[in-house]
Amino acid sequence: MNVLIDEATLQAGLDRLAAEIEKRYRGKPLTLVGVLLGSIVFLADLMRRLTIPYGVEMISSRQVATESNIQGPLFIQADLLAPEVAGRHVLIIDDIYDTGETLWELIPQFDDFKVASVHAAVLLKKKNRQRVPLGPTLVGFEIPDVYVVGYGMDYRGYYRNLPYIASLSPEEMKNLAQNGG
Ligand code: IMP
Ligand code: MG
């Protein structure tokens, strides 16, 4: 395991993102929409920093990594969303922007709710992986194309608890899949 973003750097990035969100959304009705499951630690830390008023909703998008395929099928469940987002500025909060397919599928689902605007803030963005013509508006950190864990992100349930971001090698992933931690 290789530490990519240590705890102090991560927290400084959160301060930066929170300041940017306050600047953009001060005086506007804002709803944060967290994407379960990997974003919950990121979301909670952002929430503690924001001093402007905001609502919070959660939607679910799960991509279950399998041994042979890091990116399994995508299951998006947007019906957790309450109709109260109508007329509000939505900021989707996700852990990683990788290919962009999650956002690409999610954004049109807000059309039905007549929101004022939809943007996304992600903690991490992988370089050179984008496959859709739509990117996140706010990015905490750009990272290389490696599999990362920690700060809410897991591999098969492992390492969500880490207070920093680390990368796992293919060998480490294979080992965890076969033998556990
Ligand atoms: P995208 O749809 O390809 O942009 O993938 C975004 C989603 O895939 C993220 O919200 C994560 O749930 C998951 N994901 C992509 N890369 C990683 C990773 O390195 N570690 C953990 N989850 C990842
Ligand atoms: Mg996710």
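Matching residues to (1) among the charged types (D, E, K, R); (2) at pLDDT below 90; (3) crowded, with 20+ Cβ neighbours inside 10 Å:
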| site | (1), (2), (3) |
| --- | --- |
| Q11 | no, no, no |
| L32 | no, no, yes |
| S39 | no, no, yes |
| I52 | no, no, no |
| E67 | yes, yes, no |
| F75 | no, yes, no |
| I92 | no, no, yes |
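Scanning segment 16-64 for residues being assigned to a strand (DSSP E or B) and over 25 Å from G100 (Cα atoms) gives a total of 0. Condition check for E171 on (1) touching a helix residue (DSSP H, G or I) at 6+ places or on another chain (Cβ under 8 Å); (2) surrounded by fewer than 18 Cβ atoms within 10 Å (Cβ to Cβ): one failure, at (1).
On the basis of being modelled with pLDDT of 95 or more and either under 16 Å from L36 (Cβ atoms) or surrounded by 19 or more Cβ atoms within 10 Å (Cβ to Cβ) (or both), does L124 make the cut?
Numbers: modelled with pLDDT of 95 or more: yes; either under 16 Å from L36 (Cβ atoms) or surrounded by 19 or more Cβ atoms within 10 Å (Cβ to Cβ) (or both): yes.
Against the criterion (modelled with pLDDT of 95 or more and either under 16 Å from L36 (Cβ atoms) or surrounded by 19 or more Cβ atoms within 10 Å (Cβ to Cβ) (or both)), L124 qualifies.
Among residues of segment 29-41 that are in contact (Cβ under 8 Å) with a residue 12 or more places away in the chain and farther than 26 Å from Y155 by Cβ, those with a beta-carbon under 7 Å from a residue that is of a type in the set (K, R) and outside any strand (DSSP E or B) at least six positions away or on a different chain give the pairs P29/R88; L30/R88; T31/R88. Within the option set R88, R160, being within 14 Å of ligand 1 (Cβ to nearest atom), surrounded by 14 or more Cβ atoms within 10 Å (Cβ to Cβ) and among the charged types (D, E, K, R) holds for one residue only, R160. Residues that are more than 19 Å from L43 (Cα to Cα) and either assigned to a loop (DSSP other than H, G, I, E, B) or of a type in the set (S, T, N, Q) (or both) within segment 136-156 comprise P144, D145, V146, R156, listed in sequence order.
The values are calculated or read from the model by the stated rules, or taken from the named source; none is laboratory data. For clarity, every value in this text was computed on a predicted model and none was experimentally measured. Note: ideal-geometry Cβ built from the backbone for every residue, glycine included; neighbour counts use all protein chains shown.
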